[in-house]
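Chemist: Mind having a look at this structure? Questions to follow.
The values are calculated or read from the model by the stated rules, or taken from the named source; none is laboratory data. What you are looking at is a predicted structure, and each value in this text was computed from that prediction instead of being measured. Here Cβ is always computed from backbone atoms with ideal geometry, including for glycine, and neighbour counts include all displayed protein chains. All accessible areas refer to the heavy atoms of the entire protein, side chains included, with ligands and DNA or RNA removed. Shrake-Rupley method; radii C 1.70, N 1.55, O 1.52, S 1.80 Å.
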Amino acid sequence: MQKIRKGDNVVVLTGKDKGRSGAVLKVIPKEGRAVVAGINVVKRHQKQSQTTEAGIVTKEAPIQLSNIAIADPKDGKPTRVGFKIEGDKKVRVAKRSGEVIDG
C-alpha cells in the first residue's frame, strides 16, 4: 500500500514551493516522484501538432516524494503516515492526529 496516492492533499516540505499545498494528480513510483496541482510549475516550449497550438505552456513538473507530506485531515499541517488494520481492511492513519486518511 502506498503512503501517497492520487487525489491526496499534500504539503510541500522543501524547495521553492515550501509550505504550499495541493492535490496529487499523478504518482510515479518507479522514479519516486509525484505531480501536484499548482506546485513546481515550469514553462515549456511546445511545437504545434494537430491537437495543440505552438507556444510557451506552463505545466506541473514532478516533485520528489521525500519533499512532500500528506496534510493532516484535522488541521492541514504535514503529517507522517502509518497503517492500521480496521476490521478486514488496511487503512492509512495520520501519525499527528490519529485520524484515518482514507474512508
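Chemist: Restricting to segment 60-77, what's the tally of residues that are part of a strand (DSSP E or B), open to solvent by 20 Å² or more (accessible area, probe 1.4 Å) and touching a Leu at 6+ places or on another chain (Cβ under 9 Å)?
Modeler: Total meeting the criteria: 1.
Chemist: Under 7 Å between Cβ atoms, at least 6 apart or on separate chains: pull out the pairs that start in segment 84-100 with a residue that is more than 18 Å from A69 (Cβ to Cβ) and end on any residue that is open to solvent by 100 Å² or more (accessible area, probe 1.4 Å).
Modeler: K90/M1
Chemist: Of the residues E60, E86, E53, only one is more than 18 Å from the chain's Cα centre (by Cα) and within 22 Å of Q2 (Cα to Cα); which?
Modeler: On the way: E60 fails: more than 18 Å from the chain's Cα centre (by Cα); E53 fails: within 22 Å of Q2 (Cα to Cα).
Being more than 18 Å from the chain's Cα centre (by Cα) and within 22 Å of Q2 (Cα to Cα) holds for just one of E60, E86, E53, which is E86.
Chemist: Which of the residues that make up segment 18-40 are closer than 14 Å to K59 by Cα, part of a loop (DSSP other than H, G, I, E, B) and not hydrophobic (A, V, I, L, M, F, W, C)?
Modeler: G38, N40
Chemist: Residue under question is K43, and the condition is that it be assigned to a strand (DSSP E or B) and out of contact with any Pro (no Cβ under 9 Å at 6 or more places or on another chain); does it hold?
Modeler: Here the answer is yes, as K43 does meet what is asked.
Chemist: Looking only at residues in segment 47-59 that are open to solvent by less than 70 Å² (accessible area, probe 1.4 Å) and assigned to a strand (DSSP E or B), which one is nearest to D8 (Cα to Cα)?
Modeler: Only one residue fits best here, namely V57.
Chemist: Next question. Scan segment 20-39 for residues that are open to solvent by less than 60 Å² (accessible area, probe 1.4 Å) and either among the hydrophobic types (A, V, I, L, M, F, W, C) or under 18 Å from P78 (Cα atoms) (or both) and jot them down.
Modeler: Listed by number, the residues that qualify are G22, A23, V24, V27, I28, A34, V35, V36, A37, G38, I39.
Chemist: Applying the selection to segment 78-103, what residues are in a loop (DSSP other than H, G, I, E, B) and either at pLDDT 95 or above or more than 17 Å from S21 (Cβ to Cβ) (or both)?
Modeler: Those that are in a loop (DSSP other than H, G, I, E, B) and either at pLDDT 95 or above or more than 17 Å from S21 (Cβ to Cβ) (or both): R80, G87, D88, K95, G98, D102, G103.
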